[in-house]
Structures are given as structure tokens and as C-alpha cells.
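Worksheet: the structure to be examined is printed underneath.
Only the coordinates and a few stated rules stand behind these numbers; no lab work does. Since we're looking at a predicted model, the values are computed, not measured. FYI the Cβ positions are ideal-geometry reconstructions off the backbone, even for glycines, and counts take in every protein chain you see.
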Amino acid sequence: MSFYATRSNNIRETIQSLNWTIILLTITLGLVGVAFQYSVGGESFSPWAWRHLLRLGFAVVVMILIASIPLRTVFNSGYVLYSVLLVGLVGVELFGSTEMGAQRWLDLGIVKLQPSELMRIGSVLALAKFYQSVYIEDVSKIRFLVLPIILIVAPAVLVYRQPDLGTSILLMVTGVSVLFLAGVNIRYFLAATALLLASMPLVWGQLKEYQQNRILTFFDPERDPLGAGYHIIQSKIGIGSGGLSGKGFGDGTQSRLNFLPEKHTDFIFTIYAEEMGFFGTLVLVALFASLLIAIYLVTREVKTQFSRLLVAGLAVSIFLYIFVNLAMVMGIAPVVGVPLPFVSYGGTSLLTFAITIGLILCVDRQPTADIGK
């Protein structure tokens, strides 16, 4: 058999071994994003829909390429990827690009990269690699908690300084969830929660004024209806006006009349709910739920601690972004800059979720792979 025939067979076998349920659900959610970028653009592919579509196509290619990587290679790259991303966060601190009052991007010339988005993958990967070599009876010992805590706290502090409190908190919660899934004694989590609650007055004093205003506005949006409370008030109006069946695709007044800022990014769900209504939102939520269930089923088939923690940690990350975004736009959580996975406009966000799904597909293809220690 020729080299090219062998290569073709390998590619065919890789494609056939992919979890197409996860891939098709991901593509469907991405196409929902394209459709509503088209809607908020005034029923035009310019300026957002065509870019989102191109990025989605690139994201699918990235997913499949990452899925084809040997799992041992993924395992061996854990600390390396984490270190590179941590250096990227330090680079943002030193000479990052500033937009909308925040210094969160590295300008690489042809593209602007947001390392904080990618770090949620890097931290999960590093933590999963660490716990692969730790026996279950040792995970709660202090000497085995020091490095994981450093792996979680270091990037969270750097992201907080950008400032990006929302992403910093999500990094922390995702990392802590990996510790919980690894089997760390629950008493540590209870003690940490008690310490956090006791230190809330000190934490409040360290928050920037606009962050304090966001929290206060969450409890009382009417305190500043034309300022800090404007986003959430307009978002609630949009969602509520959608009713059961919605106003119809492309007929949302919140987007057409430009009442809602950031309508194509963080608040894209508001436009969706206004135009598709309650029944339409149930469909979108069902798509997200189906994706998370399909990912959960992957964790039941894997044989190593690394694979289990990697897939579960990435699933928690996806869930947190979905939950926080929906809660934010509905007014049951403070407004933070968290995109809706695959639907919100944003290159780094879509690339990060594509890599996330690619890693999950990689594990699913090789559930019994020997990765060593």
C-alpha cells in the first residue's frame, strides 16, 4: 500500500472515530450565532455574520485537528501550554493592547489574542496532568495542594489586574471544581468559603468603583438607569417583550433601534429571546444541555484520571460561561464580560471553545490511551 493510500486511510479512520454528536451540536450552536449576527446587523452579513461564519469554519477545522492529536502528546504539553499562557498574561500586563478601558489583548499584528480566554484551558490541562500522578489517598494532603493552588491563583490574579473580574472568578471556580473532582476533602472547600465570606468587607474595598457599581446595580438597576443600570434594564425589556413566541426573526426593536449596547457580543441572547420568544429560548437551552450531556457521557468511558479531569473540567468551564451569560442578561447576576459559547461574536472566544471541544473529542477518540505518569 502506498504512503498516500495509508495516509488517506488514517484520515478516514480519524474522521469516522470522531464523536459527531458533539461536533454537530457545536456547529448548530455556531450557526445560531451566525443567524443572529445577521439579525443584529440589520439582516446583513456585514459587519459581523460573515466573519462569524468564517471563524466557525476555521473553528471546526481546529476542532478536528486537535481531536486527531495523540492523547499522550496532549498530556505531555500540559505544563508547557500553561507556562506559555502565563507568560502571555504577563505580556498583557506589561505591553498589552487597551480597549474599552481594559488591557486584555496581545496585539500580534495579524490578530489580537486574549490570553485570559485560553488560560481556562491551560489551567484545567495543567491541573489534570498534576493529579494523574497523585494517588487518591494523597490528594488532600497539604503538600499536594500547594502547586494546584498556585496554578489556579497565579493566572486569576493577573487577569483580575487587567481588570477582568468576571473572567478571573470563572478561572478560579473552574480550577476549584477540578480540585473537587480530583477528590480533595470537602472540608477545605467549606473552610475556604467561610474565609471568603468573612473577608468580604476587605474584598469590597479592593474592587474598582465601576465593579462596585455593577454589583450595586445588580440589586437595584434603577439607581442609575442611564448609566450602570442601562444594559440590564434594556436587556430585561428585550427578553420580556419577546413573550412566548417572539417578535419574529429580524424584528427585534432592541437591536434595530440600537437600544442595547454590545448586542452582538455579551448580550446576543437578549436579541435571540426577543425575536424567538420563550419557546425559542427553550430550544437554545436544550441544544446547550444536549452538548453538556454528550460531554458528560465521554467522562464515563475514559480510564485515566487525567482524561476524566480534563473532560470534566472543560465541561464545567463551558457550563459556567453558559450559566453566567444567561443569568447576566436576565438580571439574576451582575453584568460581567462573559460571552455566550459559540453564539457571541468574538474571535478568541470562538477559538477557545473550539480548542475546548477539540480536546474533548481527542479524549473521546482515545478513552483507554496509555499516557504514562
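Here's the picture: a label point sits 7 Å out from the Cα of residue 87 along the beta-carbon direction, and within the stretch 107-148 nothing has its amide nitrogen under 14 Å of it. About the Cα centre, and with charges only on the beta carbon of Lys, Arg (+1) and Asp, Glu (-1), how big is the dipole of the stretch 102-169? Nearest 20 debye, please. Computed charge dipole of the stretch 102-169: roughly 80 debye. Shown is the FRET efficiency for residue 103 and residue 289, computed with R0 = 30 Å from the Cβ-Cβ distance and rounded to the nearest 0.05: 0.25. The GNM of the chain, with springs linking C-alpha atoms under 10 angstrom apart, assigns the highest mean-square fluctuation among 151, 292, 244 to 244. Its DSSP H runs of at least 4 residues, each contributing -39,500 (n - 2.57), put the calculated 222 nm mean residue ellipticity of the chain at -22500 deg cm²/dmol, to the nearest 500. Note on 125, 216: ascending count of other Cβ atoms within 10 Å places them as 216, 125, the fewest first. Taken about its Cα centre, the chain carries a charge dipole of roughly 840 debye when the Cβ of each Lys and Arg holds +1 and the Cβ of each Asp and Glu holds -1. Look at 303, 247 and count the other Cβ atoms within 10 Å of each Cβ; fewest to most, that gives 303, 247. Remark: the Cα gyration tensor places the chain in the oblate category, a/c being 1.5 or greater and a/b not exceeding b/c.
I want to verify a result. In a Gaussian network model of the chain, Cα cutoff 10 Å, which of these has the top mean-square fluctuation: 263, 112, 129? In this elastic network of the chain, the residue with the biggest mean-square fluctuation among 263, 112, 129 is 112. In a GNM of the chain with a 10 Å cut-off on Cα contacts, which of 29, 106, 207 has the highest mean-square fluctuation? Of 29, 106, 207, the Gaussian network model singles out 207 as fluctuating most.
Ordering 68, 317, 46 from the fewest to the most neighbouring beta carbons within 10 Å gives 46, 68, 317.
The separation of the stretch 289-368 from the stretch 148-209, counted between C-alpha centres, amounts to 19 Å. Candidate membrane-span-like segments in the chain, meaning DSSP H helices with Cα atoms spread over at least 15 Å of their own axis and a Kyte-Doolittle mean of 0.0 or above, are 20-40, 49-67, 78-95, 115-132, 146-160, 165-182, 186-198, 230-241, 268-299, 305-329, 347-365, with no membrane implied.
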